[in-house]
Amino acid sequence: MNSNIDSVQLRELHFELLYPAARIQARVEAIGQALSQSHAGKNPIFLSILSGAFVFASDLIRCYQGDCEVSFVKLSSYSGTASSGAVQTVFGLGQNLSERHVVVVEDIVDTGRTLHYFRGLLEEQQPASITVVTLLRKPDALEFPVPLDHIGFDISNLFVVGYGLDYDGLGRNLPGIYQLKEQL
Ligand code: 5GP
């Protein structure tokens, strides 16, 4: 990785800073506060979709005030910088979610395919409620209906990395979010 604050190179691609860490943290705190109020006394279970959402989930649960549990599910539909089309469950839902208040934590909603698929799986378990939180959403890419309760930021259709999101395995450790520089 070749990086400074404003730009980063990952393999052959160049990215520029979109949201610095402090801006992200302010949004995460606001969402955490809202969830603390809406889920007070409900002992929600945060279900983080791996791998991209692990950084967001780890910050978000530390902004949640009250009892909660955390679990992880691994789904994937992406390879390189374009969606591969099919959602694959790599490993998943271990515990019984029936009657639980579930908070799904996603990194980014692009076509919506991943969340649409995952919500269907969740509903089969008849949880008491499903709340969906995504750090990022690309409104122009949406193809599947996905109700979202909290959105960190709406962004353009450009590919992004950082704060848990990768390009070909790299960039997850960047504290900010960076977007692909458009080719001139
Ligand atoms: P969807 O199923 O909504 O099309 O895609 C959702 C998944 O694709 C996300 O969880 C994420 O893993 C991946 N994804 C979508 N857009 C981007 C992007 O701009 N950057 C990265 N790194 N991953 C993305």
Point to revise | Extreme residue, nearest to Ile177 (Cα to Cα), among residues of the range 146-156 that are more than 12 Å from the ligand (Cβ to nearest atom) and not in a strand (DSSP E or B) | key: Asp149
Review point. In the range 49-65, is there at least one residue being acidic (Asp, Glu), under 27 Å from Thr111 (Cα atoms), at pLDDT 95 or above and assigned to a helix (DSSP H, G or I)?
Key: yes
Exercise for review: Out of the residues in the range 105-145 that are modelled with pLDDT of 95 or more, more than 8 Å from the ligand (Cβ to nearest atom) and under 14 Å from the mean Cα position of the chain (by Cα), state the one that is surrounded by the most Cβ atoms within 10 Å (Cβ to Cβ).
Suggested key: Leu135
Revision key, fill the gap. Over the range 11-58, the set of residues crowded, with 22+ Cβ neighbours inside 10 Å and more than 16 Å from the chain's Cα centre (by Cα) is Phe15, Pro44
Study note, to complete from the structure: Leu170 fails exactly one of (1) within 12 Å of the ligand (Cβ to nearest atom); (2) buried (at least 20 other Cβ atoms within 10 Å of the Cβ), namely (2)
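The values are calculated or read from the model by the stated rules, or taken from the named source; none is laboratory data. Bear in mind the structure is a predicted one, so any value in this text is a computation, not a measurement. Because the Cβ atoms are built from the backbone with ideal geometry, glycine has one as well, and the counts that use them run over all protein chains shown.
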